[in-house]
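Some notes on the structure that comes next.
Throughout, read-outs are computed from the coordinates displayed, never taken from laboratory work. Since the structure is predicted, the reported quantities are computational estimates derived from the model, not experimental observations. Every residue, glycine among them, receives a Cβ derived from its backbone with ideal geometry; neighbour counts consider all protein chains shown.
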Amino acid sequence: YHFVKTKPGFSKTLYRTLVLFGIAYFLNIAKFQLPVLLGIMPQNFIQEIIPLNYPPILIGDILHTAALSLPILCLLNYSAKSKLIISCMLLVMICTYRHLVIPEKNTSPLVFHFMQLSIGKPPLTYFPLLPWISFVVMGFFAASVISKIGEQWLWSFIPFGAFIMSMAKLLGTSEPTSVFYTPLPFQLIKHIGFIFCWVGIWHLCTPYIKHSTAGRLLIFCSRNLTSSYCIQWPLICLLIPLLGFHSMNIIPAFMTASTITAITFSITALITRTKSI
């Protein structure tokens with residue numbers, strides 16, 4: 001919504017893209033590269049998460065997708081004609097991305113890495129640009145509509161989302177269920193419909209909870225999402241050598257996750273208050 005309202009130019013978008021890439025690769029160093037080089041990660045973590053013969057610093061994650069999405073959003077913001085052309089291209093690619101193959105021979109490392117970020121699969125890439133750009137584009141168009149008709153119409157996302165989920169049910173196939181990071185088209189549509197419903201429900205609930213503790217916590221999380229993400233993941237990876245990987249039952253795992261989340265929010269709040277001073 002902020003992107004739609006402010007309409008940042010290409011130079012500012014490029015700067016934000018480079019910053020996000022910088023943060024993404026720095027996080028990979030803190031999460032994976034450094035612990036692996038120090039030899040402190042459990043062997044089962046390395047076998048499951050770290051790809052063979054591939055630098056951990058280059059593992060694609062959600063921040064890489066966010067960085068690649070910004071220039072596309074900038075082009076969508078340019079004109080109505082660009083919206084139509086880019087949307088049609090993305091629709092075709094999202095529907096066919098599972099059939100695309102990344103050539104490993106005669107491919108430069110830079111091109112190979114870009115293609116991994118675009119259509120790759122775990123463990124080399126998590127949240128590749130295709131198909132996850134679909135959520136970004138749908139959010140962009142939803143924000144564009146709301147900026148014109150007003151936020152009071154956010155409740156209409158509930159029936160619209162329910163309609164989308166119904167259509168996804170009709171489009172469902174007997175094809176084997178994919179992994180979370182590479183969903184099928186009808187699974188994407190169902191997920192998008194659910195998000196529309198969720199946004200509409202929270203819009204209706206906001207007047208009743210925004211001044212409560214839960215409401216303030218949700219607002220805090222929304223405003224500091226990237227900061228919290230950047231703090232939490234290195235913290236988790238630093239604790240894995242001490243606590244183990246896939247070594248806890250449900251109750252100890254829940255207590256550990258709650259503690260890490262509390263520490264993350266505390267550090268994020270401290271940084272936020274320091275900035276405001």
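Miscellaneous remarks
- Among residues other than Ser222 with Cβ under 12 Å from its Cβ, the summed charge is +3 (Lys and Arg +1, Asp and Glu -1).
- Shape of the stretch 84-146, Cα gyration tensor, a/c cut at 1.5: prolate
- Förster-model FRET efficiency, 41 Å R0, Leu170 and Tyr208, C-beta, rounded to 0.05: 0.75
- Summing charges over neighbours of Ala67, with a neighbour being any other residue whose Cβ is under 13 Å away from its Cβ, gives 0 when K and R count +1 and D and E count -1.
- Anisotropy class of the stretch 1-107 from Cα gyration tensor, a/c 1.5 cut: oblate
- Shape call, the stretch 50-112: gyration tensor on alpha carbons, a/c limit 1.5: prolate
- FRET efficiency, 1/(1 + (r/R0)^6) with R0 25 Å, evaluated for Ile149 and Arg223 via beta carbons: 0.50
- Available extension along the chain between Leu270 and Leu243 is 7.1 nm, counting 0.36 nm per residue and deducting the alpha carbon span.
- Ranked by how many other Cβ atoms sit within 10 Å of their own Cβ, fewest first, the residues Lys12, Lys83, Lys31 fall in the order Lys12, Lys83, Lys31.
- Global dimensions of the chain from alpha-carbon coordinates: Rg and Dmax equal 20.4, 59 Å.
- Highest-first packing order for the peptide set 13-19, 247-253 is 13-19, 247-253, based on the mean count of other beta carbon atoms within 10 Å.
- Between Leu91, Ile192, Ser166, the Cα set farthest toward the positive side of the dipole of the stretch 63-201 (charges on each charged residue's Cβ, about the Cα centre) is that of Leu91.
- Exceeding the 24 Å Cα-Cα cut-off - candidates Lys83/Lys148; Lys5/Lys31; Lys7/Lys169; Lys12/Lys83: Lys5/Lys31; Lys7/Lys169
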